[in-house]
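Participant: Mind having a look at this structure? Questions to follow.
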Amino acid sequence: MSKTKTPVAPAATTMTAAQRAYETKRAQKAGVSLEKWLAAKQADRAAEAKATAAPAPAAPPKKPGFLGRLMERVQKPI
């Protein structure tokens, strides 16, 4: 079994009649079809989520171990 996500159908299938009417009016104002409007909305949400997701902070550099510190001391001039 694969756990990859399959493309989800547009939200139009899960909207109530009132939500669908509201989105239809907004799509008409924008001059696009309802399907294109919903796809653009979903793409905007995905882009916003990607932009707000902070990258993992870089791990601080590791301190040199015992032998590393000894080698630094050996190479320093007296």
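Participant: Number of Lys-Lys pairs in segment 13-71 under 17 Å by Cα, sequence gap 8 or more or different chains?
Facilitator: 4
Participant: If you don't mind, there's one more thing I want to ask. Residue-wise, which Karplus ³J(HN,Hα) couplings in Hz belong to segment 55-66, taking 6.51 cos²θ - 1.76 cosθ + 1.60, θ = phi - 60°, and x for glycine or proline?
Facilitator: x, 5, x, 6, 5, x, x, 6, 5, x, x, 4
Participant: For a test of the definition: using alpha carbon positions, the gyration tensor, and the 1.5 limit on a/c, classify segment 36-78 as rounded, prolate or oblate.
Facilitator: Prolate, since a/c reaches 1.5 and a/b exceeds b/c.
Here, each number is a calculation from the coordinates, and none is a lab measurement. What you see is a predicted model; the values in this text were computed from it and never measured.
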